[in-house]
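Heads up, the thing below is written out as structure tokens.
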Protein chains: 2
Amino acid sequence: MPASNDPHAPRRIPADVVLLSAGPGDLELLTLKAVRALQAAEVLLLDELVDPGIVELAPHARVVRVGKRGGCRSTPQAFICRLMRRYALQGLRVVRVKGGDALLFGRAGEEIAFLRAAGVPVTIINGVSAAFAAAAALGVSLTHREHCHGISFVTAHTADHGEPDWAALCATGTTLAIYMGMRRIGSLARSLLRHLPSDTPAAVVLAASQPGERRLLTTLRELAAEAATLASGPPGVILVGAALGEAVPVALPVDPSRHAARLA
Amino acid sequence: MPASNDPHAPRRIPADVVLLSAGPGDLELLTLKAVRALQAAEVLLLDELVDPGIVELAPHARVVRVGKRGGCRSTPQAFICRLMRRYALQGLRVVRVKGGDALLFGRAGEEIAFLRAAGVPVTIINGVSAAFAAAAALGVSLTHREHCHGISFVTAHTADHGEPDWAALCATGTTLAIYMGMRRIGSLARSLLRHLPSDTPAAVVLAASQPGERRLLTTLRELAAEAATLASGPPGVILVGAALGEAVPVALPVDPSRHAARLA
């Protein structure tokens, strides 16, 4: 833990900024390390996708909401960076809460570079990324060794508004976990159909690990057909590859709502 | 949580088997959900790579060590599966502890399929995979958006003892996180040099998040040159790609041992 978590330690200026991974949604999936950092937090910068209940774990923190969401009104990244710097230079223990794992997507790279340039120390606390929770919801390994030797995590669009190289990704033979792809799921499925058999297993998990979790287990062909329904829904993770063929929803016993084979 | 975690609940037969992700090593990176499952465990099946201190979190559990490690004497997978089934059929709360996240490598797919066929319910608890902890140790995002749009996690060898399709993986432009590759790091680096520039940033993190954590930040060319030294060392994660170029070891302030730019 950073030294700044000791309440009796002299206040250090600048204070550390903690980039904290809040996981996929279920607060039970926070790590012990994350919980301790929240308890010591004096300023909490909160992403929109994080369960608002997390603030109860940070009783001493001023909460600043800095949500960002594709296509919606959002807090500019530069403003978030300046906020972190400002509070850290006041010696306040800043915890920047990010959904999933802070180091997978989510622009941690830019925040680390900004804080580093400002001389502000950064501590990173890892967490569970959404695709792992999606696989848990489906009761399936992301990398069943009979089907693949790995997994690729990509966003549906690149920083320059292009698309990933789907041909190369499909050629790897890895499972694909596609983040931030729900709005363009139709064109995405059609792109993948150019490189993969139409009966390739595919799944969509919305709100993985959360009470509103919904799962669709299907094929790439059907995914394209049902795209219109899915694109208007909440954020989710798209999983594509033979390993998904191992998912047998009826064998997920704990939560009866998990028996649905269709999005439900 | 599974119903079986309530000590006053009638014993259900077969009991659930919990596949529990122990994370990269630091027990502070266990999730709250994992800690609760450990507290309720009656039988703990423990991987060799998991911190033995984890047994203290499972005070009611009989501990069975079922380590597996490339090239060493190990417990056959079929035996581990039968053990889980036997205890579950006795109504005992079995927790199968796996390093990293249970659903990334580590043969969870086979264990789920076996238990499913035996009618034994499976619950999965996610965790932090080693590559995320490696990135945290290096103070770097795995997917800095100026450099890439994703990351591919692969093992250095496939189930049929072949190699991943390095040409396709390199063509994706994603960061590469290579697990179980230390012993063949020389041939691996040479394979990658066929498809990537020799000055491509590369890093190795051994024992990420653990007290003995060691980091090497280098290039693909140097990785090949230093392979002999690395191959005889402990397990580690190899990271390759432009995003690693953002790692600036001197800017990792919390732990002075993290200032080393070389493996140290």
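Side notes on the structure shown:
- Residue list for the stretch A:111-131, restricted to those being out of contact with any strand residue (DSSP E or B) (no Cβ under 8 Å at 6 or more places or on another chain) and at the interface with another protein chain (Cβ under 7 Å from one of its Cβ atoms): A:Ala113
- Candidates are the residues of the stretch A:74-98 that are away from every other protein chain (no Cβ under 14 Å) and in a loop (DSSP other than H, G, I, E, B); the one that is surrounded by the fewest Cβ atoms within 10 Å (Cβ to Cβ) is A:Pro76.
- Number of the exception - B:Leu193 against (1) modelled with pLDDT of 95 or more; (2) in contact with a strand residue (DSSP E or B) (Cβ under 8 Å, 6 or more places away or on another chain): (2)
- Flag if B:Ala113 is part of a helix (DSSP H, G or I), over 14 Å from the mean Cα position of the chain (by Cα), modelled with pLDDT of 90 or more and buried (at least 24 other Cβ atoms within 10 Å of the Cβ): no
- Any hit, the stretch A:207-230, residues being part of a strand (DSSP E or B), at pLDDT 90 or above and farther than 30 Å from B:Lys33 by Cβ: yes
- Flag for B:Ala135 being on the phi < 0 side of the Ramachandran plot, buried (at least 24 other Cβ atoms within 10 Å of the Cβ) and facing chain A (nearest Cβ under 8 Å): yes
- Checklist (1) farther than 17 Å from A:Tyr179 by Cβ; (2) of a type outside the set (D, E, K, R); (3) not in a loop (DSSP other than H, G, I, E, B) applied to A:Phe153, failing item: (1)
- The residue that is farthest from B:Pro24 (Cα to Cα), among those in the stretch A:26-49 that are in a loop (DSSP other than H, G, I, E, B) and modelled with pLDDT of 95 or more, is A:Glu42.
- Positions within the stretch A:156-190 being assigned to a helix (DSSP H, G or I), of a type in the set (A, V, I, L, M) and either buried (at least 19 other Cβ atoms within 10 Å of the Cβ) or not assigned by TED's automatic domain parsing to the domain that holds A:Thr229 (or both), in sequence order: A:Ala168, A:Leu169, A:Met182, A:Ile185, A:Leu188, A:Ala189
- One residue alone among A:Leu217, A:Leu142 is touching a strand residue (DSSP E or B) at 6+ places or on another chain (Cβ under 7 Å), closer than 21 Å to B:Leu142 by Cβ and not hydroxyl-bearing (Ser, Thr, Tyr), and that residue is A:Leu142.
- Here is the figure for the stretch A:231-264: residues that are at pLDDT 85 or above, of a type in the set (A, V, I, L, M, F, W, C) and part of a loop (DSSP other than H, G, I, E, B) total 1.
The values are calculated or read from the model by the stated rules, or taken from the named source; none is laboratory data. As the structure is a computational prediction, the values presented were derived from the model and not from experiment. With ideal geometry, Cβ positions are generated from the backbone for all residues, glycine too; neighbour counts draw on all protein chains shown.
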